[in-house]
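Written below as structure tokens is the structure these notes are about.
The values are calculated or read from the model by the stated rules, or taken from the named source; none is laboratory data. The shown structure was predicted, so the numbers you read here are calculated from the model rather than taken from an experiment. Cβ placement follows ideal geometry from the backbone for every residue including glycine, while neighbour counts extend to all protein chains displayed.
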Amino acid sequence: MHVQARMQPSVPTRIVTTATHRAPPIPPPGPSSEPKSVEQVGVPLQLTHDVIPGDNPQTPEKIALGEKLFFDGRLSVDGTVACSTCHDPRRAFTDGRATSIGVDGRIGQRNSPTIMNALYNKTQFWDGRAATLEQQAALPMINPSEMGQPTLDAVVAGIASDAQYTDAFQRVFGRAPNITDVTRAIAAYERTQIAYDTPFDHFIAGETNAIGDDAKRGWQLFNTRGRCNKCHALTDTKLDPTNFTDNDFHNIGVNIVRHDVVALARQAEKLLASGELPEVDRAAIQSDLSVLGRFLVTKKQPDTAAFKTPDIRNVLVTAPYFHDGSQQTLWDVMDHYNKGAGLRDPWLDQDIQPLALTENEIDDMVAFMASLTTPEYAELGRTELARQRSQALVSRPQRDTKRAFGPKPVQPKPPSP
Ligand code: HEC
Ligand code: HEC
């Protein structure tokens with residue numbers, strides 16, 4: 001690994017690259033990248049209709065154009081990186097890495113989330129810095145550690161030099177390519193990536209034998225002693241299997257003690273005073289300020305190291321986990337929650353506390369999460385569950401049974417401003 005220190009006008013970036021200085025080969029489209037039907041068991045039909053913006057209706061030609069753009073390396077500065085580089089449809093639109101690799105083999109600070117069901121997100125990115133899929137799509141194009149383009153005009157110029165593209169934009173939007181329409185087409189394609197029809201969805205729909213007894217017990221724990229529904233549901237009083245997220249941000253204690261968060265927050269307040277989105281984007285992907293999470297967007301102290309609650313459909317096949325890819329298996333995730341996570345973390349969410357779950361109960365929760373795998377990844381899911389299980393048999397770095405069965409530790413007070 002090569003580390004270069006580089007001063008940008010404002011945010012100090014620390015760029016690490018792979019030894020090869022190259023991004024991995026661009027994943028091609030395939031059966032798992034095709035637009036999905038809304039005729040799946042569990043799809044919230046009204047919501048799926050309501051999240052389509054009025055100024056960007058879905059049409060088959062626009063979706064096809066968006067799919068072509070999603071897999072096209074020409075959106076990047078040197079042709080080597082496409083959206084699919086980090087959102088590979090063979091891995092439920094993730095990249096299987098702790099943090100993603102962009103142009104010149106530059107390694108970013110954040111784990112690539114799936115784009116499946118992202119149409120339902122109230123905000124995009126782990127810190128919610130983008131409001132819509134359209135707004136989100138432009139940022140990786142000009143992030144120096146992702147697609148590396150100098151400007152969005154350069155992106156458009158690359159596309160407009162291809163007659164097939166100019167024809168397609170003319171047909172779909174009635175004009176030459178421009179960045180608004182590029183992001184609209186990509187967003188329209190992303191809104192076809194609907195993930196339901198899992199064994200769990202069949203169970204909720206009344207097929208009692210669609211999931212095993214272990215997964216059924218896991219679902220019960222999810223909503224009771226596991227406390228998962230406090231955040232991974234819209235309400236914690238009603239069983240809600242729609243999207244497994246409250247669309248909110250929480251500090252759940254992921255790796256915060258490794259960093260001098262207070263000093264970083266002071267730095268961020270100064271450096272990001274303008275609040276410009278590309279600036280915040282670079283801070284999140286390219287600098288140590290990344291750990292500040294939602295604070296980068298709001299500059300409010302309680303948002304320090306708070307991240308968005310992710311949907312967990314297909315979570316089995318999208319390892320590693322959390323915003324920094326720091327956990328390898330679903331057993332590690334469970335150990336993190338079971339011990340009540342983050343000691344010495346003044347901003348830890350009050351709903352994170354020791355859970356006193358037994359080993360059998362942890363296995364049940366993993367079985368429940370495994371039942372959230374969509375049909376196209378069923379086989380990958382079986383391989384992945386076996387891989388994670390055998391890894392968990394030899395390594396459980398987060399397991400701390402004493403803390404899991406102990407009292408809730410006293411939480412330190414936030415430092416005075
Ligand atoms: C170099 C890797 C890389 C490339 C290229 C890339 N992404 Fe991402 N993507 C990421 C990472 C990492 C995140 C999370 C970053 C964060 O939250 O700060 C992300 C987040 C997202 C999200 C937000 C999902 C959510 O649940 O919040 C969407 C949508 C998305 N990317 C779509 C795209 C599109 C469209 C493109 C192409 C224009 C693209 N990405 C290119 C790595 C990449
Ligand atoms: C206080 C709110 C809260 C509670 C309670 C909670 N979660 Fe989370 N969960 C989050 C947030 C926020 C993240 C993202 C954190 C990060 O990446 O730093 C997350 C991430 C995850 C992930 C990783 C997803 C991915 O794609 O990386 C899994 C799996 C998960 N939670 C499952 C659970 C389970 C199971 C429980 C109950 C034992 C639970 N969560 C309880 C808020 C919560």
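When Ala268, Ala263 are checked against the criterion of being modelled with pLDDT under 95 and crowded, with 21+ Cβ neighbours inside 10 Å, a single residue qualifies: Ala268. Can you tell me which residue is nearest to ligand 1 (Cβ to nearest atom) among those in segment 367-393 that are of a type in the set (A, V, I, L, M, F, W, C) and either within 12 Å of Val317 (Cα to Cα) or in contact with a Leu (Cβ under 7 Å, 6 or more places away or on another chain) (or both)? The selected residue is Leu372. Filtered by the rule that a residue be assigned to a loop (DSSP other than H, G, I, E, B) and of a type outside the set (A, V, I, L, M), segment 340-366 gives Gly340, Gly342, Arg344, Asp345, Pro346, Trp347, Asp349, Gln350, Asp351, Gln353, Pro354, Thr358.
Annotation: of all residues in segment 316-331 being more than 14 Å from ligand 1 (Cβ to nearest atom) and closer than 18 Å to Arg382 by Cα, the one that is farthest from the chain's Cα centre (by Cα) is Trp331. The residue of segment 298-308 that is nearest to ligand 2 (Cβ to nearest atom), among those that are buried (at least 22 other Cβ atoms within 10 Å of the Cβ) and part of a loop (DSSP other than H, G, I, E, B), is Ala305. Cβ-Cβ contacts under 8 Å between residues 6 or more apart (or on different chains), taken from a first residue in segment 287-312 that is at positive phi to a second residue that is in a helix (DSSP H, G or I) and within 14 Å of ligand 2 (Cβ to nearest atom), are listed as Gly293/Asp303; Ala305/Ile256; Ala305/Val261; Ala305/Val291; Ala305/Leu292; Ala305/Phe295.
The residues of segment 49-79 that are under 27 Å from His202 (Cα atoms) and in contact with a Phe, Trp or Tyr (Cβ under 8 Å, 6 or more places away or on another chain) amount to a single one, Val51.
Could you run through segment 89-110 and say how many residues are in a loop (DSSP other than H, G, I, E, B) and more than 6 Å from ligand 1 (Cβ to nearest atom)? Of the residues in segment 89-110, 8 are in a loop (DSSP other than H, G, I, E, B) and more than 6 Å from ligand 1 (Cβ to nearest atom). The set of residues from segment 320-339 being in a loop (DSSP other than H, G, I, E, B) and crowded, with 22+ Cβ neighbours inside 10 Å comprises His323, Thr329, Lys339.
Which one is farthest from ligand 1 (Cβ to nearest atom), of the residues in segment 58-76 that are among the aliphatic types (A, V, I, L, M) and either buried (at least 22 other Cβ atoms within 10 Å of the Cβ) or not assigned by TED's automatic domain parsing to the domain that holds Arg184 (or both)? In this case the residue turns out to be Leu65. With respect to Val182, is the statement that it is under 20 Å from Ala137 (Cβ atoms) and touching an Asp or Glu at 6+ places or on another chain (Cβ under 7 Å) true? So Val182 does not fit the description; no. Pairs meeting the criteria (first residue in segment 6-27 and within 18 Å of Arg97 (Cβ to Cβ), second residue modelled with pLDDT under 90 and of a type in the set (D, E, K, R), beta carbons under 7 Å, at least 6 apart or on different chains) are Ile15/Arg6. Checked against the criteria, Thr208 does not count as assigned by TED's automatic domain parsing to the domain that holds Leu75 and of a type outside the set (Asp, Glu). Taken over segment 18-51, the criterion of being modelled with pLDDT of 95 or more, surrounded by 12 or more Cβ atoms within 10 Å (Cβ to Cβ) and polar (S, T, N, Q) is satisfied by Ser32, Ser33, Gln40, Thr48.
Just to be sure, is Leu316 within 23 Å of Ser112 (Cα to Cα), at pLDDT 95 or above and either in the same structural domain as Asn247 (by TED's automatic domain parsing) or surrounded by 20 or more Cβ atoms within 10 Å (Cβ to Cβ) (or both)? Here the answer is yes, as Leu316 does meet what is asked. Scanning segment 371-390 for residues that are β-branched (Val, Ile, Thr) and in a helix (DSSP H, G or I) gives a single hit, Thr383. Please tell me if Phe295 is under 28 Å from Arg106 (Cα atoms), surrounded by 18 or more Cβ atoms within 10 Å (Cβ to Cβ) and not assigned by TED's automatic domain parsing to the domain that holds Arg14. The answer is yes for Phe295.
Give the residue that is farthest from ligand 1 (Cβ to nearest atom), with candidates limited to residues of segment 119-141 that are among the hydrophobic types (A, V, I, L, M, F, W, C) and surrounded by fewer than 20 Cβ atoms within 10 Å (Cβ to Cβ).
Ala131
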